[in-house]
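Each value in this text was obtained by applying a stated rule to the coordinates, not by laboratory testing. Please read all numbers here as calculations on a predicted model, not as lab measurements. Because the Cβ atoms are built from the backbone with ideal geometry, glycine has one as well, and the counts that use them run over all protein chains shown.
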Amino acid sequence: MPLSVKYLKRLSAMSLLVCSALSHATDIGVVGLFPGKAILVVDGAPPKTYTVGSNISSDTKLIDADRESATVMVNGKRKVLILGQTVHRSAASNNSSVVLKAGDRGHFMAQATVNGGSVNMMVDTGASLIALPAADAIRLGINYKKGQLSSSRTAGGVVPTYIIKLDTVRIGDVELNQVDASVIEGGLDVPLLGMSFLNRMEMRREGDQMTLTKRY
């Protein structure tokens, strides 16, 4: 028995809804931070205040917030965001990605998890490796003096540098293992997200936003 035109139209509409759901993407941007609350922009909608414990979407929840960062749980995975940073996730793509937003001085900052510890890093395509001040390495529990001794020239002169491998570096949905890095004993105030991480990304900049998509 042939299917009716009305039934075929209904089936087509249902198929479109399914395709739309499968290709749904969620963008979560942080525009305000307070103890126990965060002002978020979700999928380009107007900013909305969420309290800790609130559901942002069906698979996303705000689990912590203070004046420094907001922590969301997306599909069982924790993601730490700082002011101006955006997490992008797409169910239609196998490649993880994260969207960073430039700060007031034009620098792109990334809230990273390094060997399980949190560190705020500045994107620097001029740095050949991820670079950590010795104080941050110590805070992260890294015994960097077991690394290869080298040296770096800074504004304060030549300082000891140790070449190491980081077990994991994670930013948003993007995670890399065994990433080369340097630990610098003096002359570096801000951790740098260098090319040992960025070389494995597809980098796309649009205005004050930079999208990093994992290539391998």
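Once the chain from Ala102 to Arg78 is taken as fully extended at 0.36 nm per residue, the excess over their C-alpha distance is 6.4 nm. The smallest convex shape that holds all Cα atoms of the range 42-83, its convex hull, gives 76 Å³ per residue. Can you tally the net charge around Val183? Count Lys and Arg as +1, Asp and Glu as -1, for every other residue whose Cβ sits under 11 Å from the Cβ of Val183. Every neighbour counted, the sum reads 0.
Across the cross-link table entries Lys101/Lys214; Lys79/Lys214; Lys145/Lys214, which are compared at the Cα atoms, the separations over 24 Å belong to Lys145/Lys214. Electrostatic tally near Pro160: other residues with Cβ closer than 11 Å to its Cβ, Lys and Arg +1, Asp and Glu -1, net 0. Would you compute the Debye intensity of the range 93-216 from its alpha-carbon atoms alone, equal scatterers and no solvent, and pass along log10 I(q)/I(0) at q = 0.11, 0.16 Å⁻¹ to two decimals? Each listed q corresponds, in turn, to -0.36, -0.75.
Using only side-chain charges placed at the Cβ, +1 for Lys and Arg and -1 for Asp and Glu, the dipole size of the range 25-84 relative to its Cα centre rounds to 100 debye.
The aspartates and glutamates within cross-link reach of Lys37, meaning a Cα-to-Cα straight distance under 13 Å and a gap of 8 or more places when in the same chain, are Asp64, Asp66, Glu68. Neighbours of Glu202 by Cβ distance under 10 Å: Lys/Arg scored +1, Asp/Glu scored -1, total +4.
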